[in-house]
Amino acid sequence: MSSWGAGVRGLWDGEAMVSPPDLSPAAQRLRDVVRHVSDAQLNHPTPCEGRTVAQLLAHLSGLTAAFRAAADKELGPLTDTTPDQNGWPEPASTWRDDIPAQADRLAIAWHDPEAWTGMTRAGGFDAPAEVMGLVALGEITFHAWDLATATGQELEVDDATTDALTAYVEGFDPSGTPGMFGPAVDTRWPTPFERVIARTGRDPRWQAPETA
């Protein structure tokens, strides 16, 4: 989420969201994936070019805390900075417990209808809360896919989340949004979620080296 601010501006048309998505299923999937990452996989590469599994975990730790704070309108250090502003850190030794717990708190926070109203902030960028909630959903889902793919796990995404993310990614330029999505790859994939992944610039065929 390091520089996605300009990208999300185009998602807001001033009309209220009819029914905000539920982030609980996405948070549950992220929890499950994180808990099945082994210590032996921490130095493995991920679909996020140049980022190891350990660095992706550190990114997830930062963003789950930040988007929980954004939902609660708790503006301050968590929302004014990005997880990677000082480079790509390694995760705290407690990441296997911390990230699932933070994902739980994020989902609970965005379940409150008030979270989707007014303006809020994440990554030092102010945006309508409705937009920020979609960004949060995208971040925890796409990075759960990155992490699952890098560690040889399967990620099944429910229809409601896929539908919300399909509409979300279509709001971005398919040629890419620096700091957020790369140029879309071939989107002629058999499942809706694979097409969403491809639209974000990820290759649905990417495999961890040990399974390639």
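The values are calculated or read from the model by the stated rules, or taken from the named source; none is laboratory data. On a predicted model such as this, the values are computed, not experimentally measured, just so you know. Virtual Cβ from ideal backbone geometry, glycine too; neighbours counted across all protein chains shown. Calculation scope for accessible area: heavy atoms of the full protein, side chains included, ligands and nucleic acids excluded. Shrake-Rupley method; radii C 1.70, N 1.55, O 1.52, S 1.80 Å.
Of the residues making up the stretch 149-205, those that are among the hydroxyl-bearing types (S, T, Y), farther than 19 Å from L30 by Cβ and part of a loop (DSSP other than H, G, I, E, B) are S175, T187, T191. Summed over the stretch 104-124, residues that are of a type in the set (V, I, T) and open to solvent by less than 40 Å² (accessible area, probe 1.4 Å) total 1.
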